[in-house]
Amino acid sequence: MNRFFNGWFRKKQQDGMTTMAAASESSREGNDLSSDNVPRHVAIIMDGNGRWAKARGLPRVAGHHNGMKTVKRITKAADRLGVRYLTLYAFSTENWKRPKAEIEFIMKLPQEFLSLELDELIRNNVQVRMMGVKDLLPDFTLSAVEEAVRRTADNTGLVLNFALNYGSRMEMVESARKLARQAAKGELDPDAISEADFGAGLLSSDLPDPDLLIRTSGELRLSNFMLWQLAYSEFWFTDVHWPEFTEDHFHEAIREYQRRARRYGGL
Ligand code: IPE
Ligand code: IPE
Ligand code: MG
């Protein structure tokens, strides 16, 4: 258990701080980030767990286990800055290609993470969500996530959205199928289908598009992550592997984001 993280949660609880109050305290603590241009939605491809472990002569799964600590750390950092939505890519629809033992280990992590953190997340007003296909997930994984989603459903603070068994092409095909079914029934005019209609059929339909995408570990690709939703997001890559990604690295990404001019095709 990470004592620093616990300490932060306890402190927020004692102070009864809101997200906004926490954000302003964070700026008082001296980071040089502007509090009026914080990305509303940050999405992260948490990559490099295996290489981090290998470099230390450890089994790959040790990287996944350590990566859990980074999830705590960055959840805390995002909340303190006033980020409203944090989406974390935890397992892709392509990750089933990995060895069975590694998959089994990864599938146990949500349960472990939530058994340690759920009570604190609840007390800190964090709302947990899952974005992905529930089929194929083991019962113990799904029930742990669903319990967290249910127990935090009424929370109004940071939305912590886990992309678990998520694949973007799959969700886009599924959205197309929904629209095709409606059209086949005569309920929808194909020529009237809008971008909003297509977006409404995606797993992210209740989230704003990410403002900032972060990928760790030096890979410069999307790996089937939020292809539709990232159309106008700012991208930030780092060579740092996920287990050693710190609050300072996160601030570096936000700082760079704050320097960017988002034009959306305009001037
Ligand atoms: C990211 O780390 C976690 C998952 C994809 C589940 P990796 O396991 O991909 O680590 P590398 O990229 O092999 O180092
Ligand atoms: C993307 O990482 C998926 C997650 C971080 C969950 P991968 O490690 O699976 O991506 P590739 O295979 O290097 O593209
Ligand atoms: Mg990887």
Viscosity 0.890 mPa s, temperature 25 °C, Stokes-Einstein D of the chain from Kirkwood C-alpha radius, µm²/s: 126 µm²/s
The stretch 102-250: translational diffusion in µm²/s, Stokes-Einstein, Kirkwood Rh over Cα pairs, 25 °C, 0.890 mPa s: 140 µm²/s
Rounded to whole Hz, the Karplus (6.51, -1.76, 1.60) HN-Hα couplings of the stretch 211-223, x for glycine and proline: 7, 9, 10, 10, 10, 8, 6, x, 7, 10, 7, 8, 6
Simple spin-label estimate for Arg221 and Glu195 in nanometres, 7 Å along Cα-Cβ: 2.7 nm
Theoretical gain in end-to-end length, Glu244 to Asp206 [0.36 nm per residue, Cα-Cα removed]: 10.6 nm
Nearest-0.05 FRET efficiency for Ala183 and Lys54, computed from C-beta distance (R0 41 Å): 0.25
Protection proxy ranking, peptides 131-140, 59-68, 178-187, average beta carbon neighbours within 10 Å, highest first: 59-68, 131-140, 178-187
Estimated distance in nm for a label pair at Arg259 and Leu116, the labels positioned 7 Å out from Cα along Cα-to-Cβ: 3.4 nm
For the stretch 33-110, convex hull volume per residue from C-alpha positions, Å³: 103 Å³
Residue-count net charge about Glu187 - beta-carbon cut-off 13 Å; Lys, Arg +1, Asp, Glu -1: +1
Value of Rg/Rh across the stretch 114-188 [Cα atoms, Kirkwood radius]: 1.13
FRET E, pair Val173, Ser35, Förster distance 41 Å, beta-carbon r, rounded to 0.05: 0.55
Residues of the chain: accessible area per residue with a 1.4 Å probe, Å²: 50 Å²
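The values are calculated or read from the model by the stated rules, or taken from the named source; none is laboratory data. What you see is a predicted model, and the numbers here were worked out from it, not measured in a lab. Every residue, glycine as well, gets a Cβ built from its backbone with ideal geometry; the counts of neighbours run over all protein chains shown. Heavy atoms of the whole protein, side chains included, go into the accessibility calculation; ligands, DNA and RNA do not. Shrake-Rupley method; radii C 1.70, N 1.55, O 1.52, S 1.80 Å.
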